[in-house]
Amino acid sequence: MMIDLVVVGLGHVGLPLAARACAAGLTTAGHDTDPAVLAALDAGRSHIGDVNDTQLAGMRAAGFRAGRDRSVIGRAATVVICVPTGLTADGAPDLSAVRAASADVAAALRPGTLVVLESTSHPGTTQDVVRPLLERGSGLRAGEDFHLAYSPERIDPGNPVFGVSNTPKIVSGCTPLCAKHATAFYSRLVDTLVVAKGTREAEMAKLVENTYRYVNIALVDEIALCCDAMGIDVWDVLHCAATKPFGYAPFRPGAGVGGHCIPVDPHYLAAGAEAAGSPLRLVAAARTVLDGMPRHVADRAAALLTGPGRTAAGAGVLLLGAAYKPDVADVRNSPAVPVARRLREHGARVLYHDPLVPDLRVDGTAVPRATDLPSALAAADLAILLQDHACYGAPLLTRSPCPVLDTRGRLFGPHVTRL
Ligand SMILES: NC(=O)c1ccc[n+]([C@@H]2O[C@H](COP(=O)([O-])OP(=O)(O)OC[C@H]3O[C@@H](n4cnc5c(N)ncnc54)[C@H](O)[C@@H]3O)[C@@H](O)[C@H]2O)c1
């Protein structure tokens with residue numbers, strides 16, 4: 001029996017896509033290589049914050065199943081690849097999952113199938129990496145025997161307003177016909193589609209979106225450091241600047257950027273630019289600023305703990321918010337880790353509080369977790385607000401018995417120091 005859609009890679013991008021497809025009435029299956037992911041889905045447990053167990057139950061009732069058996073790919077009208085594109089240990093783009101997934105798809109590919117890559121990657125990945133793997137492995141030709149497209153995901157985990165269906169989606173194809181098939185597929189799931197000239201333009205557009213955030217966050221971080229040196233309140237500066245109704249987009253400084261996209265994607269863009277002989281100097285400068293922010297925050301905390309007869313050594317520092325952004329459980333590349341590491345170098349006793357994150361590790365060692373916030377604040381010598389989770393209401397932290405270093409610019413009060 002044919003299946004409308006097989007999603008390859010059931011993570012933060014793939015599972016919400018599968019959920020949307022099920023809701024739109026498409027017969028949908030999933031393919032993943034991680035036994036833990038498959039076991040959880042099989043038991044009806046979602047591992048992704050944006051898809052809850054009730055939604056998963058609805059998907060399963062609609063026939064959704066996930067597995068490792070790639071023969072399901074051979075029954076798909078459309079295959080969408082949503083596997084990770086991380087970095088190698090030395091910070092270079094790592095396309096191993098895209099290659100492995102492409103090889104798996106190739107082995108089962110049938111004529112007439114639409115294959116879409118959604119993973120973020122440098123321009124040329126669809127044409128120069130995925131296409132040859134699919135063609136060699138299947139003996140079929142893209143644009144003739146099957147359709148090949150690129151459509152970058154724009155999912156924003158934890159965003160209560162914008163999801164798969166109401167976020168405009170860029171679509172592109174290796175040929176105009178491929179783009180047409182991709183547009184027909186996504187029009188069943190997404191309200192607004194934007195057709196790019198080609199796959200390289202669509203790949204580049206995704207990298208530009210995230211690099212724009214990367215560079216602008218670095219800019220306000222650097223301005224925060226400069227304002228600190230000049231005795232100027234950066235938060236008031238940014239509040240005032242943001243009142244301009246045109247020509248200005250607000251960004252906020254903080255302890256660093258995290259997640260799977262913002263700290264990673266500019267490396268893909270920079271590597272592509274470097275290979276083309278056109279290095280991006282702003283991206284390199286932004287990286288230097290962003291990489292220094294966790295250390296800056298930790299050193300600022302250590303300075304606050306240092307006074308007559310006392311240093312940071314032995315002081316109890318409570319990190320508020322271990323995730324990389326507010327109200328999600330994701331700790332990938334979270335600045336909480338380098339902040340904790342640097343505080344340990346100062347000799348501080350580091351604890352964290354985060355209602356969504358059960359475990360935080362620094363270089364393999366667990367950071368003790370505080371679960372009762374009021375008593376943790378009472379016991380700490382200093383708290384650092386790293387993420388403004390909803391649970392960190394201003395009244396609670398403003399009445400905190402210990403001093404607070406606020407990296408989010410949310411708090412006021414005599415014992416609050418803002419970044
Ligand atoms: N997370 C986001 O907010 C976000 C937003 C936009 C774009 N993206 C991009 O989307 C892509 C996927 O990101 P994610 O956050 O969903 O990753 P993820 O790590 O949450 O999920 C990826 C899934 O793919 C599976 N996988 C790995 N190799 C596989 C293979 N060879 N075959 C089948 N499954 C495999 C993993 O087991 C995992 O379940 C990345 O390129 C990322 O940059 C992510």
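The values are calculated or read from the model by the stated rules, or taken from the named source; none is laboratory data. Predicted model only: the values in this text are computed from it and were never measured. Just so you know, the surface numbers come from the protein's heavy atoms only, side chains and all, with ligands and any DNA or RNA stripped out. Shrake-Rupley method; radii C 1.70, N 1.55, O 1.52, S 1.80 Å.
Looking at the square roots a ≥ b ≥ c of the eigenvalues of the Cα gyration tensor of the stretch 81-214, which shape do they give, rounded for a/c under 1.5, prolate if a/b is larger than b/c, or oblate? Oblate, because a/c is 1.5 or more while a/b does not exceed b/c. For the chain, the solvent-accessible area of protein heavy atoms averages 44 Å² per residue (probe radius 1.4 Å; ligands and nucleic acids excluded). Given axes a ≥ b ≥ c from the Cα gyration tensor, I'd like to know whether the stretch 3-197 is rounded (a/c under 1.5), prolate (a/b larger than b/c) or oblate. Taking the square roots of the gyration eigenvalues as a ≥ b ≥ c, the stretch 3-197 is rounded. If you sort Val264, Val13, Val195 by accessible surface, 1.4 Å probe, largest first, the order is Val195, Val13, Val264.
Note on exposure: Glu274, Glu203, Glu209, Glu135 ranked by accessible area (1.4 Å probe, complete protein assembly) read Glu274, Glu209, Glu135, Glu203, with the most exposed listed first. Indicate the gyration tensor shape class of the stretch 254-343 (rounded, prolate or oblate), computed on the Cα atoms with a ≥ b ≥ c the square roots of the eigenvalues: a/c under 1.5 is rounded; otherwise a/b larger than b/c is prolate and the rest oblate. The shape class here is oblate. Among beta bridges from DSSP that stay inside the stretch 3-197, the antiparallel ones total about 10%. Pairs of Cα atoms nearer than 8 Å and 6+ residues apart set the relative contact order; for the chain it is 10 percent. Taking the helices alone, the chain has a mean residue ellipticity at 222 nm of -11500 deg cm²/dmol, built from -39,500 (n - 2.57) per DSSP H run of at least 4 residues and averaged over all its residues. At the residue level, Val129 shows approximately 20 square angstrom of accessible surface with a 1.4 angstrom probe and all protein chains present. Surface composition of the chain: carbon and sulfur make up 57 percent of the accessible area, probe 1.4 Å.
A probe of 1.4 angstrom, applied to the heavy atoms of all protein chains, finds Asp291 with accessible area near 110 square angstrom. Summarising the amide proton neighbourhood of Gly67: residues at separation of 5 or more, or on other chains, whose placed amide H is nearer than 5 Å comprise Gly30, His31, Asp32.
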